[in-house]
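What follows is one structure encoded as structure tokens, with my remarks underneath.
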Amino acid sequence: GEDVEQSLFLSVREGDSSVINCTYTDSSSTYLYWYKQEPGAGLQLLTYIFSNMDMKQDQRLTVLLNKKDKHLSLRIADTQTGDSAIYFCAVTDTGRRALTFGSGTRLQVQP
Amino acid sequence: EAGVAQSPRYKIIEKRQSVAFWCNPISGHATLYWYQQILGQGPKLLIQFQNNGVVDDSQLPKDRFSAERLKGVDSTLKIQPAKLEDSAVYLCASSSRTGAYEQYFGPGTRLTVT
């Protein structure tokens, strides 16, 4: 089945850019999502990208997709302390629709 | 627009007891999902409903877990009897049948089995 991998931890200084990376195994993945989870809360959908796109920008968020390498990244510009959270990459296809998640990357933003 | 509602938010039970979780999806969303999130891991699908029919329950431990979605709206997930390894956050999500099938999650129910 699908496997999604993420690095566990990222620490940045406030005002810097953060880049969170994700790799997946199933080339038929059609929709790729980024979710944010704060302590004790559910998952908040941040953004998504279709597999026929290379890049999507949404305010401070930029998603890059390299289909050849099955690599997805999320760049957060001007990172703020409020961005400290766990970020999950998730993928699905048009047939299945249920999400396969990575194990999450904990982003720590230092003042 | 109201989000996905779940209750209770927290539950502590002893092993071998039973427990039930409730979910009310976003109005008009035909698809409803239950995920289990063990501490330190990403959520894993337990069951997926389309209206009131089951689409995927391949990962649901059917000897102890059951779920229903009567009338295609609210859903209940039950565990009977609970085991220590069932300690997790149970997340409910819903999505529409259009667009990118974005899933919107409720706040979850944190279950502790002692």
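What FRET efficiency comes out for residue B:2 versus residue A:57 if R0 is 45 angstrom and r is the Cβ-Cβ distance? Round to the nearest 0.05.
Step by step, r from the Cβ atoms, then E = 0.95.
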- prompt: What is chain A's relative contact order, in percent, from Cα pairs under 8 angstrom and six or more apart in sequence?
  reply: 38 percent
- line: Interface A-B: total buried accessible area (1.4 Å probe, Å², nearest 100) of 1600 Å²
query: What residues in region A:84-111 lose 30 Å² or more of accessible surface when the other protein chains are added to their chain alone (1.4 Å probe)?
result: A:96, A:97, A:98, A:99, A:101, A:103
message: Keeping all protein chains in place and using 1.4 angstrom, which order do B:73, A:4 fall into by accessible surface area, from largest down?
response: B:73, A:4
message: Can you compute 3J(HN,Hα) from phi for each residue in region A:53-59, using the Karplus curve 6.51 cos²θ - 1.76 cosθ + 1.60 with θ = phi - 60°, rounded to whole Hz and x for Gly and Pro?
response: 10, 9, 8, 9, 10, 9, 6
query: Taking chain A as a Gaussian network, where each spring joins two C-alpha atoms under 10 Å apart, which residue of A:65, A:74, A:43 fluctuates the most?
result: A:43
query: If you bin the C-alpha pair distances of region A:6-46 every 10 Å from 0, what whole percents do you get?
result: 19, 45, 31, 5
- request: Within region A:48-99, list the trypsin sites (Lys or Arg not before Pro) lying in a DSSP loop whose Cβ has at most 13 other Cβ atoms in a 10 Å radius.
  value: A:68
task: Count neighbours as other Cβ atoms within 10 Å of each site's Cβ, and list the GluC sites (Glu not before Pro) in region B:8-104 that are DSSP loop with at most 13 such neighbours.
output: B:14
- request: Using a 1.4 angstrom probe on the protein heavy atoms only, line up B:87, B:18, B:95 by accessible area, largest first.
  value: B:18, B:87, B:95
- prompt: Which ³J(HN,Hα) values, rounded to whole Hz and listed in residue order, are derived for region B:80-87 from phi using the Karplus coefficients 6.51, -1.76 and 1.60 in 6.51 cos²θ - 1.76 cosθ + 1.60 with θ = phi - 60°, glycine and proline given as x?
  reply: 7, x, 7, 10, 4, 6, 7, 4
query: Once you charge only the Cβ atoms, +1 for Lys and Arg and -1 for Asp and Glu, what is the size of the charge dipole of chain B about its Cα centre, to the nearest 20 debye?
result: 300 debye
- line: Percent antiparallel among DSSP beta bridges confined to region A:1-66, rounded to 5, stands at 100 percent
message: If exposed means no more than 14 neighbouring beta carbons inside 10 Å and the site is in a DSSP loop, what's the longest run of chain B without any exposed trypsin sites (Lys or Arg not before Pro)?
response: B:17-61
- prompt: Just how large is the dipole of chain A about the Cα centre, in debye to the nearest 20, putting +1 at every Lys and Arg Cβ and -1 at every Asp and Glu Cβ?
  reply: 120 debye
statement: A 1.4 Å probe over the protein heavy atoms gives chain B a carbon and sulfur accessible-area percentage of 49 percent
- prompt: What per residue convex hull volume, in Å³, comes out for the protein assembly as shown when only alpha-carbon positions are used?
  reply: 123 Å³
query: What is the antiparallel percent of DSSP beta bridges lying wholly in the protein assembly as shown, to the nearest 5?
result: 90 percent
query: Relative contact order, percent, of chain B when contacts are C-alpha pairs under 8 Å separated by at least 6 residues?
result: 37 percent
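The values are calculated or read from the model by the stated rules, or taken from the named source; none is laboratory data. Note that this is a predicted model, so its numbers are computed, not measured. Please note: Cβ atoms are built from the backbone with ideal geometry, for glycine as well, and neighbour counts cover all protein chains shown. In case anyone asks, the SASA skips ligands and DNA or RNA and just uses the protein heavy atoms, side chains included. Shrake-Rupley method; radii C 1.70, N 1.55, O 1.52, S 1.80 Å.
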